[in-house]
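Read through the structure below, which is laid out as structure tokens, and then see the notes.
The values are calculated or read from the model by the stated rules, or taken from the named source; none is laboratory data. Here the structure is a predicted model, which is why all the values come from computation and not from measurement. All Cβ positions, glycine included, derive from the backbone under ideal geometry; neighbour counts span all protein chains shown.
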Amino acid sequence: MTPKDNSTLVQNAFEKVGTMELLYIWINNSENNFIVNEGFNLYGEHRFTLQVREKYILSYESRASLIGSDLYCTGCIKNITAIVGENGSGKTTLFKSIYLGSCLPYQQHDDPKYHQMNQDDYEMSKRILIYQFGNNIEIIHNLELGRFVNNTPFVVHNINEADQEERLRLLELLEQQTIIYLSNSRYTSDLNGYGTHGNLNKISLTADSLKNISGRFYRKIVQHPQGLVIKLNPYNILQSILIKNKTVIEFQQVCDVLYYHHLYSRGYTDLYISKLCKDLYVDFSCTIPIIEKVENYRYIAKDDFKSEDPHINRLSAKIKEFSAWCYTIPIEMRGEIFTKQCLNLIFEMFYCWDNIELNKHSVTSMKMFPAVITDIIDSYKRQQGYDSNQSDYYEWGLKEIEELNSILCDCKTIYSNVPEYDLAHRFDKVISYESNKKQYLLFCRFINQLARKDKSVLLKYIKIDNLHMSSGERAIQNFFSWLNLLPFFDEFIEGEPIRLRESALLLIDEIDLYMHPEWQRKLIKVLFNELSTQFEGKEIQVIISTHSPLVLSDILRQNTIYLQPKEGMFHLIDADSRAQTFGNNIYTLLNDSFFMKSTIGDYAKEIIKEISDNLILLSLDPGNSELRKKCEKYSRIIESIGEPLIHKKLQHMFFRYFENQQDTQLKVFRKQVQALKKSLHEKNPDKKKIEELKESLKNALAVIESISGDIE
């Protein structure tokens, strides 16, 4: 087969790429040196093989007779691959190599002292990437000049051989697929943030990386200046303090509500596998306690507080004056969430702007707050050289407060068992889907609108509580609420517009983590439904890693990568040597695909072996009283063994030497038979109890059979 001319790709490099799928990746050396000189075929229809001798010889075998992408190509899904293997087999390392790896050209450093470092970096960055672009398959690599032999019918491109213009086009083409890394694992700290080049090239969505995204979101909503040099004015100083104290948990609360809006507004709630929190408790943090959480500002409200920093002294003086003014507000009003929102807004303006006289404003009812806020803004705008961005920001904040108050005005206040004057008293508003569906949906839509705006005062203070769920429920909601951010990611963070590419590669590490087996069984179908609703019009290639045979039973064998370390070294298993996975049963998959040596726990296995060994020893030495006494205690353990063959065999061995135990067992079984008869004649028999009694009768028959065997 003669390789095709490589002009096709170069000519079309700037044209819009539709379907872009990674078919094969060869890794010379992973970052941790665990994967060395290894190639991975992601789909069974295409098999690429690389032989590394003096040259890199790539060959190809078409296996079009195997079903593959046709089975999974539905909605926005193009295909799915699973990576399986025991702990330490290299699954996460492979994911990181796909996510972090690139196909950059070799860069020679002028200084010879950096030659070794340069060479080591190059050895780690060597890649062969094979993609399918629509109906065309293209090979891109960065190997040494003249060392690659292409024995395939496909176009090949060496980035090191390309001229500058072609190289840029090739690199741009490789960026046409957004790579998304998704995991609930807490051990992915080296995969953080996101990469951009006009569009979203790659993004990591994990508990750790969420900190970075959260920070960018809060900087956007307070209109925090970008760049290394930031003007030290009161507004920028205060916003920096406030957003510095925002937690990932508070950000996740916003993400959850955004996801609920997605589900309800598009009518997808029936497709969601987990529960939806239908009672939301809404409250707001207060500015001064937030400031006091910062180490340098912990005692800022105390009368004797002093600092060498004039900005901090100003903040301390403003806090004291503002706190004194707050005491003039009736105590029963201070904890109300509408009051909190207004006081936060007033404090920010009071701190940021000079010549604001609080004492001329007397507030005796909550209805008076909007007029006070408007008067402060108007007086500021009359000052020479006022900042219109700041006045616009706080005018917008007042609109937010009034709109939210119109949504929450009929909400009940959460029950609190302490008096209103106590600081522990809660004033949260309860938004209940069951009590007022329209109100609940309005609130979700309102939060969604705020999150997409370029500014918000409320979102940096809001607390949305009662989003309590199990670890499995939290895991699935993490996945889908994080993915929900991507279609409008450019609206969600600060900076230039960043859009998801038309094609995406979704890497889900440990997809089944924290999930119940029944959810694992449903997970692939639920994932496909979810992706089709969130990424309509996009094309998504999915690669997962899993420890679950229930998940793997939805994946074709030819779409599965099997990893099994040998003597601590990375080892790839040929998928054709394993049993078929699609639609297979859990026990076959556990033994074959997950390389399990036994389907019985090691502790139980050890106990069973001890019982068997001791009963055999007793048969050889029946007069051993100490051993006999020890074996006599095994009766209840044997009765508790669930595997029927093991249970029956041990029971037979046991009763051979303890005939008195047979009589005791038979008496118990007779009573259980009488109880079963009685239950069957009841008007409303307890089905669970009947099943338990039936199981006991099976055991009785086993005893009778063992006795019969002894008689024979």
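For the range 119-142, state whether one or more residues are in contact with a Lys or Arg (Cβ under 7 Å, 6 or more places away or on another chain) and either buried (at least 18 other Cβ atoms within 10 Å of the Cβ) or under 26 Å from Y562 (Cα atoms) (or both).
So the first thing to find is which residues in the range 119-142 are in contact with a Lys or Arg (Cβ under 7 Å, 6 or more places away or on another chain), and the list is 141-142.
From the residues that got through so far, the ones that are either buried (at least 18 other Cβ atoms within 10 Å of the Cβ) or under 26 Å from Y562 (Cα atoms) (or both) too are 141-142.
Looking through the range 119-142, at least one residue is in contact with a Lys or Arg (Cβ under 7 Å, 6 or more places away or on another chain) and either buried (at least 18 other Cβ atoms within 10 Å of the Cβ) or under 26 Å from Y562 (Cα atoms) (or both).
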**Report entry** Conditions (1) part of a loop (DSSP other than H, G, I, E, B); (2) out of contact with any helix residue (DSSP H, G or I) (no Cβ under 6 Å at 6 or more places or on another chain); number of the one not met by F34
**Finding:** (2)
**Report entry** Hey, K220 crowded, with 18+ Cβ neighbours inside 10 Å and of a type in the set (D, E, K, R) or not
**Finding:** yes
Query raised in the report: Among the listed residues V52, V36, which satisfies the condition of being β-branched (V, I, T) and either under 30 Å from D190 (Cα atoms) or outside the structural domain of F570 (by TED's automatic domain parsing) (or both)?
Result: V36
Query raised in the report: Residues of the range 255-275 being among the aliphatic types (A, V, I, L, M) and surrounded by fewer than 17 Cβ atoms within 10 Å (Cβ to Cβ), which ones?
Result: L271
**Report entry** Residue list for the range 190-217, restricted to those being buried (at least 17 other Cβ atoms within 10 Å of the Cβ), touching a helix residue (DSSP H, G or I) at 6+ places or on another chain (Cβ under 7 Å) and among the charged types (D, E, K, R)
**Finding:** K202
Report summary line: A careful count of residues in the range 290-339 that are among the basic types (K, R), within 24 Å of H425 (Cβ to Cβ) and crowded, with 19+ Cβ neighbours inside 10 Å gives 0
Report task. Report, by residue number, each residue of the range 379-437 that is within 22 Å of Y260 (Cα to Cα), in a loop (DSSP other than H, G, I, E, B) and among the hydrophobic types (A, V, I, L, M, F, W, C). Result -> C409, C411, I414
Query raised in the report: Can R382 be described as among the charged types (D, E, K, R) and at pLDDT below 90?
Result: no
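Just need a number here: residues in the range 226-271 that are more than 30 Å from I319 (Cβ to Cβ) and either hydrophobic (A, V, I, L, M, F, W, C) or in contact (Cβ under 8 Å) with a residue 60 or more places away in the chain (or both). Spell out the reasoning first.
Taking the range 226-271 first, the residues more than 30 Å from I319 (Cβ to Cβ) are 255-271.
After this cut, where a residue has to be either hydrophobic (A, V, I, L, M, F, W, C) or in contact (Cβ under 8 Å) with a residue 60 or more places away in the chain (or both) as well, the list is 255-266, 268, 271.
Within the range 226-271, residues that are more than 30 Å from I319 (Cβ to Cβ) and either hydrophobic (A, V, I, L, M, F, W, C) or in contact (Cβ under 8 Å) with a residue 60 or more places away in the chain (or both) number 14.
Evaluate the following for N158: is it touching a strand residue (DSSP E or B) at 6+ places or on another chain (Cβ under 7 Å) and surrounded by fewer than 17 Cβ atoms within 10 Å (Cβ to Cβ)?
Details: touching a strand residue (DSSP E or B) at 6+ places or on another chain (Cβ under 7 Å): yes; surrounded by fewer than 17 Cβ atoms within 10 Å (Cβ to Cβ): no.
In short, no.
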